[in-house]
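Colleague: I'd like to ask some things about the structure below.
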Amino acid sequence: MLILLPPSEGKADAGTGRRLDLARLSLPELNPVRAQVLAALVALGAGPPEVALAALGLGPTQHGELRRNARLEQAATAPAGRIYTGVLYEALDLATLPPAAQRAAGRQVLVSSGLWGAVRLTDRIPPYRCPIGARLPGLGALPALWRRVLASALTAAAGTGPVLDLRSGAYAAAWTPRGELAARTVTVRVLHEREVDGVPVRSVVSHFNKATKGRLVRDLLLAGARPGTADALVSALRDLKYTVCEQPTPPGRARQLDVVVSEL
């Protein structure tokens, strides 16, 4: 099973180990584009702040992010599982998983990234700021740039098993499973069910969507789930007591699950 996660805007303040070495990252076929994006991001961070803030979609108080980006090639690194610190990763709580579950996470999870394309939780990266919506000088839209190389890399990473795609829409635009792989791919939408005037009402959640997805991945890892098919993945979620409703999807598209929660 391959699990695809979005990155988090929140990141650790600093790495703790050696400098970045692209050659040590997983999916080495992505390195030529990684090098392009890295060079553009470093140059942008060292240039006029108003240009960089606009390109990255940052506010006027976020100059520190630019200084961090300008030093990426010299910055200390840490495993990606420690760099990402947002709501999803707090719920996943990788550090408290037992060793076997941590090893499974290292094998099964890939984190999408505007800078790296995709990295494993064990890959050592520095803290950075590069949303997928950034428009870097000379490179243009990042989803289009990454789309050219992610298809073969992620298809190979998926192998013959199912894919649990928990990426947000912006990151999903950088790679969409096609054909036979789409039939093995499961996407998840989180719905909050509450009672209004005695009638159950379901609504899409945003902030807590991330927390639910983090808990979902954590529960699969703790259970040692090893589904060999998309059907088996859906069954594994139900075995973990998640309320799962599958929505109809056209042929050639990923399967869509609604995970219904009553508490956030």
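The values are calculated or read from the model by the stated rules, or taken from the named source; none is laboratory data. Keep in mind that what you see is a predicted model, and the values were worked out from it rather than measured. Note: ideal-geometry Cβ built from the backbone for every residue, glycine included; neighbour counts use all protein chains shown. The area values use the complete protein model at the heavy-atom level, side chains included, leaving out ligands, DNA and RNA. Shrake-Rupley method; radii C 1.70, N 1.55, O 1.52, S 1.80 Å.
Colleague: Which whole-number percent is the relative contact order of the stretch 1-138 (Cα, under 8 Å, 6+ apart)? If you can, show how the numbers build up before the last one.
Modeller: Values: 226 pairs, mean separation 57.9, N = 138.
Normalised by residue count, the contact order of the stretch 1-138 is 42 percent.
Colleague: Toward the positive end of the charge dipole of the chain, about the Cα centre and with charges on Cβ (Lys, Arg +1; Asp, Glu -1), which of 95, 201, 247 goes farthest?
Modeller: 95
Colleague: Rounded to the nearest percent, how much of the accessible area of the chain (1.4 Å probe, protein heavy atoms only) is carbon and sulfur?
Modeller: On the way: 6360 of 12180 Å².
Solvent-exposed carbon and sulfur of the chain make up 52 percent of the total.
Colleague: Using the beta-carbon distance between residue 100 and residue 243 and R0 = 22 Å, what value does 1/(1 + (r/R0)^6) give for FRET efficiency, to the nearest 0.05?
Modeller: On the way: r = 27 Å, r/R0 = 1.24.
The pair residue 100/residue 243 has a calculated efficiency of 0.20.
Colleague: Another question, if that's okay. Scan around residue 185 for amide H atoms under 5 Å from its own, H built in the peptide plane at 1.01 Å from N, and keep only partners 5 or more places away or cross-chain.
Modeller: Under 5 Å from the amide H of residue 185: 163, 255.
Colleague: Given a cut-off of under 8 Å on Cα pairs at least six residues apart, what relative contact order in percent is computed for the stretch 142-264?
Modeller: Working: 168 pairs, mean separation 38.4, N = 123.
RCO, the stretch 142-264: 31 percent.
Colleague: Quick one: which residues, 5+ away or cross-chain, put their amide H under 5 Å from the amide H of residue 20? H built at 1.01 Å from N.
Modeller: Hits under the 5 Å cutoff: 75.
Colleague: Say a paramagnetic label sat at a point 7 Å from the Cα of residue 141, along Cα to Cβ; which residues of the stretch 55-99 have their backbone N under 17 Å from it?
Modeller: Under 17 Å, as judged by backbone N against the label point of residue 141, lie 55-57 of the stretch 55-99.
Colleague: I've got another one for you. Quote to one decimal, in nm, the extra length available between residue 67 and residue 199 on full extension: 0.36 nm per residue of separation minus the C-alpha distance between them.
Modeller: Details: separation 132, 0.36 × 132 = 47.52 nm, distance 5.20 nm.
In short, 42.3 nm is gained.
Colleague: Also: With charges only on Cβ, +1 for K and R and -1 for D and E, what is the dipole size of the chain about its Cα centre, in debye, rounded to 20? Please report the intermediate quantities before stating the final value.
Modeller: Numbers: 32 positive and 21 negative charges, 140 e Å.
Dipole of the chain, to the nearest 20 debye: 680 debye.
Colleague: Show which aspartates and glutamates lie in cross-link reach of residue 241 when reach means a straight Cα distance below 14 angstrom and same-chain residues fewer than eight apart are skipped.
Modeller: The qualifying aspartates and glutamates are 219, 258, 263.
Colleague: OK, next. In whole Hz and in residue order, list the ³J(HN,Hα) couplings for the stretch 115-132 that follow from phi through the Karplus curve 6.51 cos²θ - 1.76 cosθ + 1.60, θ = phi - 60°; x for Gly and Pro.
Modeller: So the J values, rounded to whole Hz, are 8, 9, x, 6, 9, 7, 4, 8, 5, 8, 9, x, x, 7, 9, 7, x, 5.
Colleague: Farthest toward the dipole's positive end in the chain, which of 7, 140, 259, given Cβ charges of +1 (Lys, Arg) and -1 (Asp, Glu) about the Cα centre?
Modeller: Going by the Cα projections, it comes out as 140.
Colleague: Separate question: Residue-wise, which Karplus ³J(HN,Hα) couplings in Hz belong to the stretch 13-18, taking 6.51 cos²θ - 1.76 cosθ + 1.60, θ = phi - 60°, and x for glycine or proline?
Modeller: Each residue of the stretch 13-18 in turn: 5, 7, x, 10, x, 4 Hz.
Colleague: Ok, one more. Which order do you get for 195, 180 if you rank them by accessible area with a 1.4 Å probe, largest at the top?
Modeller: On the way: 195 140, 180 120 Å².
Ranked list, largest accessible area first: 195, 180.
Colleague: Using the heavy atoms of the protein chains alone and a 1.4 angstrom probe, what is the accessible area of the chain per residue in square angstrom?
Modeller: Working: 12180 Å² over 264 residues.
Heavy-atom accessible area per residue stands at 46 Å².
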